[in-house]
Structures are given as C-alpha cells and as structure tokens.
Amino acid sequence: MNIEISENSKKEEKIENLENQGEKDKNNGEEEQKNEEKDNQNENSTFEKISSVPIMMKCFLCQDYCNESVQTICCNKLFCKRHIIEEILKNFKCPSCHQRCELKDIIENKKISEDIKWYKKQLNELILGEM
Ligand SMILES: [Zn+2]
Ligand SMILES: [Zn+2]
C-alpha cells in the first residue's frame, strides 16, 4: 500500500521519467525514502566541509590547513613545513609513525599546497555566496 501512495504523489515526476518507469514502479516506495535520507546527509556534509579541514589538506601536528605542505617519506603524512621542521629538529623522528626522520626525509608537495589554496578560495566564495 505504500507503493500506491507514493505512486500518486510521484505522478508528475514520472511524466519526466517515462524512460525508467518500469524499474521505478518496482522500487518506488523504497527509493523515495532513500532519497530523503540522502538529501539530509548532503546538507550535513556540506556544513561539515565548511567547518572542518579535509584530511587530505590537514597538518598532522596543528590539525589546520597545511601552510606550505610537506610530506614525510616514511608514512606520507602531511605537515606544515614549519611544524615538521620544528619537530624533526627536536626529536629526529616522524611525529606520526615515530620512525627516524631527518630534514632530508621530507618532501614539499606543491600540488597539495595549490589544492589547499584552491579549496579555501572555493569555500570563501561559497560562504560569501550564502550571505
Ligand atoms: Zn601545522
Ligand atoms: Zn612517518
């Protein structure tokens, strides 16, 4: 009976989706529920994206966007250049995997630095756009 109800409420949509009608009829009730869930999730994750730093752009030490992204060759973790250099000069090991690490064991990752710049710009535009 769920199917009947949702079929009625979906009549208009169906006219646009004539091609897939056969398949849709079978799963109509289920699909509608799933779509609603998805919508909610999307809203949440957009919000999270604005408020949290993506793991691919995060400094392992300060948990903020990397400022001049650098990676350790031992475990490929990301750091701000300044933060990992401070750490190595203090302990001579990787703060993530604790292997021995020297200044020669870190590599700058310009690609990620560029990505962060781009991402922050997009975020700013998104936030400004919503205001
Ligand atoms: Zn940092
Ligand atoms: Zn490491």
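Taken together, the values in this text are just the output of simple stated rules run on the coordinates, not laboratory data. This structure is a prediction, so every number in the text was calculated from the model and none was measured. Here the Cβ positions follow ideal geometry from the backbone for every residue, glycine too, while neighbour counts run over all protein chains shown.
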Projected label distance in nm at residue 128 and residue 99, using a 7 Å step from Cα toward the beta-carbon: 4.3 nm
May I ask which of 58/110; 90/117; 58/117; 90/110; 93/120 have a Cα-Cα span longer than 23 Å here? 90/117; 90/110; 93/120
So for each of 118-128, 56-66, 74-84, 88-98 I average, over its residues, the number of other beta carbons within 10 Å; can you give me the resulting order with the highest mean first? 74-84, 56-66, 88-98, 118-128
